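Visitor: Following this message is one structure expressed as C-alpha cells.
Nothing in this text is a laboratory measurement; each read-out follows from the coordinates by a stated rule. This is a predicted model, so every value here is computed, not measured. Cβ atoms come from the backbone with ideal geometry, glycine included; neighbour counts cover every protein chain shown.
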Amino acid sequence: MEIGFDVAAAVGMDEGEVATPALVVDLDMFEANLARMQALAADAGMALRPHAKTHKSPDIGRAQVAVGAVGLCCQKVSEAEALVAGGIGDVLVSNQVRQPRALARLAALAHRARVAACVDDAGGVAALAAAVAAAGTEVGVLVELDVGAGRCGCRSADEAAALARAVAAAHGLRFEGLQAYHGGAQHIVDPEARRAVIEAAAARVREAVAALGAAGLECPRVTGAGTGSFPFEAASGVWTELQCGSYVFMDADYGRVRGSGNDGLWGFGHALFVLAGVMSVAPGRAVLDAGLKAMSGESGVPRVAGRPDLVCRGLSDEHAVLDDPAGSLKVGDRVRLIPGHCDPTVNLWDDYVGLRGGRVECLWPVSARGKVW
Ligand SMILES: Cc1ncc(COP(=O)(O)O)c(C=O)c1O
C-alpha cells in the first residue's frame, strides 16, 4: 500500500508496512484491560472514572465510557477541553486550577459538559466561585486531601471540613466530596508495603469524612486510586470511585510492580508499544530507530516485548541500543518496545496506530497532546 511521508500508517495496512518508529496499540489486549478494570470496579461496587492523563484521547475515553465508566479524569483544563470536544460529557480535573485563564476556560466548559475540579485552600474556592459567576455556570468541587503523598491537598481533616463548608456556601459551586489520591504508593513494588500505605491513607480519609459529618455535611463521593493500589482502596470501604489510568496500556515500570499473583499486576497486560526498526548492527549489538523523541526515559529504558534475550542499554534522541548477544537481529527487523512510562511517551506522538491480527484497524489522534495548561 502507498503511503505519504507524513503518515506512518493507514487503515488496512499490514503491521510490517507501518513506518517505524510508530506508537502502536494492541487492540485485543487494550480491550481486555478495559473490560477487566470495569469488571473489577463493578465487583467492588465502585464507580470507575479512568484517568485520561494516560492516553489523552477522546477515542479511548469513549471506549472506556462505552464499557461503563461514569466519566473521565484529567489533570489540566486544556485536556478537559479536548475530551469534551471529543464527546466526553463528564470530566473531573483531578487537580488544582489556579491560573485565571484556565479558571475562565473551565467555567466556560461547564456550558458544554458536567465538569468538576479540586481545591485545597480558600483562595482556590474564591477563584473558582468568581470564574463561574463570570461565566454564568456551575462547577463541581472536590476538596483534595493530602493522604500522604506530600503533593497538593489539605493537611488535616479540620482544614478539609472548613473548606467543604466554604464550597457548599459558594454560589455556583457544587460540593461533590473528597479527592484522595496517593501517587507515591502506586509503584511500590511489594504489595504488602503498598497496602500499608493505602491503609494509612484510608485512616486520613475516614477522619476527614467524620469531620465533614461533624460540620453537618454529607460526603457524597471519595475519589482516587491508581493502577498500582486500587484493590486496596476498593477493600477499604472508604473510596467510592476509582481513577486508574495506566491499566489501559501497562508500561514497563508497572510491569515491575507486583500484584497478588505471579502473572503481572492484577492480570492487566501490555497493550502499548513503540514499534521500532533495526537500523544498524554490530557484533553483540543492534541499534533501533526510536529514542527519547519516541518514548520517555525518566522511568527507565524500555523492555523488548517477548524477547528477554534483548536488553536495552540506553536511549539517545533518535536511537535505542540493544544488547543482542546472539546476533539475532538484522537491519530491517522490527521489535515492539514496552516504554518505561506510558503517559509522557504518549504525549510525544500525534497518533496511535491500532493493530489487530497484524493489521492496522484504526488511527486515533492523541488529541490532548501538548495540552499541559
Ligand atoms: C490524581 C490522579 N489520579 C489517578 C492517576 C492514575 O494513576 P495510574 O496511571 O497509576 O493508574 C493519577 C496518575 O498520576 C493521578 O495523578
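Visitor: Among the listed pairs 293/371; 56/330; 56/293, which are separated by more than 28 Å between their Cα atoms?
Guide: Listed pairs above 28 Å: 56/330.
Visitor: Over 15 Å, how big is the tail of the calculated P(r) for the stretch 239-308, in percent of all Cα pairs?
Guide: 65
Visitor: Among DSSP beta bridges lying fully in the chain, give the percent that are antiparallel, nearest 5.
Guide: Counting DSSP beta bridges with both partners in the chain, the antiparallel share is about 50 percent.
Visitor: Determine ³J(HN,Hα), in whole Hz, for all residues of the stretch 228-233 in sequence, where each value follows from phi through the Karplus function 6.51 cos²θ - 1.76 cosθ + 1.60 and θ = phi - 60°; x replaces Gly and Pro.
Guide: x, 10, 4, x, 6, 4
Visitor: Continuing with this model, one more query. Once the other residues with Cβ under 13 Å from the Cβ of residue 230 are scored (Lys, Arg +1; Asp, Glu -1), what is the net sum?
Guide: Spelling it out: positives minus negatives among the neighbours equals +1.
Visitor: Something else now. For the stretch 300-314, take each phi angle, set θ = phi - 60°, evaluate the Karplus expression 6.51 cos²θ - 1.76 cosθ + 1.60, and give the result in whole Hz per residue in order, putting x for glycine and proline.
Guide: Coupling constants for the stretch 300-314: x, 6, x, 9, 8, 4, x, 9, x, 6, 9, 10, 6, 8, x Hz.
Visitor: Suppose only helical runs count, i.e. DSSP H with n ≥ 4. What mean residue ellipticity at 222 nm does that imply for the chain under -39500 (n - 2.57) per run, divided by all residues and rounded to the nearest 500 deg cm²/dmol?
Guide: Mean residue ellipticity, 222 nm, calculated: -9000 deg cm²/dmol.
Visitor: I'd like the Kirkwood hydrodynamic radius of the stretch 94-171, using the inverse of the mean 1/r over distinct C-alpha pairs, in Å.
Guide: Result for the stretch 94-171, one decimal place: 12.6 Å.
Visitor: On a 0 to 90° scale, report how tilted helix 157-169 is relative to the longest principal axis of the chain, with both axes built from alpha carbons and the result rounded to the nearest 10.
Guide: With rounding to tens, the tilt is 70 degrees.
Visitor: Here is a further query. Computed from the mean reciprocal separation of all distinct C-alpha pairs, what Kirkwood hydrodynamic radius does the chain have, in Å?
Guide: 21.6
Visitor: Sticking with this structure for a sec: Restricting things to alpha carbons, tell me how big the stretch 55-139 is in terms of Rg and Dmax, in Å.
Guide: 12.6, 38
Visitor: As a footprinting exposure proxy, order 249, 273 by other Cβ within 10 Å, with the fewest listed first.
Guide: So the ranking, lowest neighbour count to highest, is 273, 249.
Visitor: For residue 362, list long-range residues whose amide hydrogen, built 1.01 Å from N in the peptide plane, is under 5 Å from its own amide hydrogen.
Guide: Distant-sequence amide H within range of residue 362: 354.
Visitor: Now for a different question. Against the longest principal axis of the chain, how steep is helix 191-214, in degrees 0 to 90 to the nearest 10, with axes from Cα atoms?
Guide: Roughly 20 degrees, rounded to the nearest 10.
Visitor: Collect residues whose amide H, placed 1.01 Å from N in the peptide plane, falls under 5 Å from the amide H of residue 118; neighbours closer than 5 in sequence don't count.
Guide: Amide H neighbours of residue 118, under 5 Å, 5+ apart: 95, 97, 142.
Visitor: Let me check I've understood the local charge: for residue 358, count other residues with C-beta under 14 angstrom from its C-beta, Lys and Arg +1, Asp and Glu -1. What total comes out?
Guide: That works out to -2.
Visitor: Given the Cα atoms of the stretch 188-245, and with Rh set as the inverse mean 1/r over their pairs in the Kirkwood sense, what is Rg to Rh to two decimals?
Guide: 1.02
Visitor: Could you work out how far helix 100-109 tilts from the main Cα principal axis of the chain, as a 0 to 90 degree angle to the nearest 10?
Guide: For helix 100-109, the angle is close to 90 degrees.
Visitor: Could you sort 79-85, 122-128, 280-286 so that the peptide with the highest average Cβ count within 10 Å comes first and the rest follow in order?
Guide: Order by mean packing, descending: 79-85, 122-128, 280-286.
Visitor: At 7 Å along Cα-to-Cβ for each site, give me the label-to-label distance between residue 326 and residue 149 in nm.
Guide: 4.2
Visitor: Here's another thing I want to ask about it. Cα centroids of the stretch 69-99 and the stretch 201-252: how far apart, whole angstrom?
Guide: The distance from the Cα centre of the stretch 69-99 to that of the stretch 201-252 comes to 19 Å.
Visitor: Search the structure for amide H atoms under 5 Å from the amide H of residue 53, placed 1.01 Å from N in the peptide plane, and list their residues when 5 or more places away or on another chain.
Guide: 75
Visitor: What does the C-alpha gyration tensor say about the overall shape of the stretch 46-191? Classify as rounded when a/c is under 1.5, otherwise prolate if a/b is larger than b/c, or oblate.
Guide: Here the stretch 46-191 falls in the oblate category.
Visitor: Taking neighbour Cβ counts within 10 Å as the exposure measure, how do 171, 182 sort from fewest upward?
Guide: Going from least to most buried by this count: 171, 182.
Visitor: Taking the beta-carbon count within 10 Å as an exposure proxy, list 37, 295, 279 from fewest neighbours to most.
Guide: So the ranking, lowest neighbour count to highest, is 279, 37, 295.
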